[in-house]
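Inspection log for the structure reproduced underneath, given as structure tokens.
The values are calculated or read from the model by the stated rules, or taken from the named source; none is laboratory data. Just so it is clear, the structure is predicted and the values come from calculations on it, not from any experiment. We place every Cβ from the backbone using ideal geometry, glycine too, and count neighbours over all the protein chains shown. For the accessible areas, the whole protein counts, side chains as well, though only heavy atoms, and no ligand, DNA or RNA atoms are used. Shrake-Rupley method; radii C 1.70, N 1.55, O 1.52, S 1.80 Å.
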Amino acid sequence: MEIKEIKSIHLVSYTLMNSSVNAVWAFIYAIFSLILALIGLAFDSSAMAWTLIGVYAAMIIASPVSTFLIGIAQSFITALIYNQLVPRIGGIKLGLENLSEVKSVPIIPFALMTSTIAAIMTLLIALIIVPLFAAYAGIFIQLMSSMAASTDTSAISTAGLGAFGAIGSLILIIVMPIAVFIMAFIADAILAGLYNLIAPKVGGIKLEFGNAKEGLHELLIIPPLPVALVTGVLTAVIGFIVGLIMLIIAAVSGSALVGVLLLLAFTIGGFIVAFVVDAVLALIYNFLRPKIGGVKLQLE
């Protein structure tokens, strides 16, 4: 096994593949929702039910298109931020065996990069929201001022609203990115640690890379079963921990049976959902790769 660092992500290939996979997944989900709605007609054929059928039918087109367009922006910005951060904090490292199986994920590089990206994305979103928030707050304050009588009480109220808007903006721009960084770092560090414990027992995620061209390795195939099994077990372990906490809380409150059901739902249900979702996503990637090209990474 050798440790490889992802030095850069090819912007075009990552953006196109990630947004396309998300769009296909949105299409599948829309069809599944429509099928469930059609089955529901057997129990409810009211006008509202038929209206929902029309909405779900429209989502078959609207959902993939909107998901693809949003995914382009999100994927491009994420990859761009990653490439800019690598020289400063180092890239994500993977313990690879013959460039085919992820045996381990070094915890600190993974958690540091993912949490930093999450914090920067939160900051960017906040910088978009804050001007809108300030504009609507200003309109609201003016409206309140015009409706209220010109008294000291109304002045204090409008001043308080202005202060509230300033505090809200400060929280969005400063506090939220910091909070997101801390929470994401802890969560991703735990996730990487669990992966390192589970991978030797159930096998790591397998990846098939093509020969390096221009310093880039193209991800050709993601075998569905290994990635689905690992992520399913990871989700089950996390679900078991969460479910155990819920069981203790339920038992203390006198509802032990509910706690047991929650434990089973979080553990078994989490495994099934993660297994199915990640297997389908891997299959979508493998289906799209010959048509649009795979994700290209610079590994060193």
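Observations on the structure shown:
- Pick from region 201-218, criterion of a type in the set (A, V, I, L, M, F, W, C) and over 26 Å from ILE241 (Cβ atoms), ranking: most open to solvent (accessible area, probe 1.4 Å): ALA212
- Here VAL86 meets the list (1) in contact (Cβ under 8 Å) with a residue 60 or more places away in the chain; (2) out of contact with any Ser or Thr (no Cβ under 8 Å at 6 or more places or on another chain) almost entirely, failing just condition (2).
- Scanning region 40-53 for residues that are in a helix (DSSP H, G or I) and either surrounded by 11 or more Cβ atoms within 10 Å (Cβ to Cβ) or at pLDDT 85 or above (or both) yields a count of 5.
- Contacts under 6 angstrom Cβ, first residue in region 212-237 being of a type in the set (D, E, K, R), partner open to solvent by 30 Å² or more (accessible area, probe 1.4 Å), 6 or more apart: GLU218/LYS296
- Given (1) under 30 Å from PRO223 (Cβ atoms); (2) at pLDDT below 95, index of the condition SER115 fails: (2)
- Test: residue in region 219-238 that is over 20 Å from the mean Cα position of the chain (by Cα), closer than 18 Å to PRO290 by Cα, part of a strand (DSSP E or B) and not β-branched (Val, Ile, Thr): yes
- Looking only at region 69-100, and only at residues there that are of a type in the set (A, V, I, L, M) and part of a loop (DSSP other than H, G, I, E, B), the one that is surrounded by the most Cβ atoms within 10 Å (Cβ to Cβ): ILE92
- Residue among ILE241, ILE221, ILE198 that is farther than 17 Å from ALA282 by Cα and open to solvent by 50 Å² or more (accessible area, probe 1.4 Å): ILE241
- The single residue among ILE268, ILE249 that is modelled with pLDDT under 90, in a helix (DSSP H, G or I) and either open to solvent by 80 Å² or more (accessible area, probe 1.4 Å) or not hydrophobic (A, V, I, L, M, F, W, C) (or both) turns out to be ILE249.
- Residue count for region 248-300, restricted to those that are aliphatic (A, V, I, L, M) and over 19 Å from VAL230 (Cβ atoms): 18.
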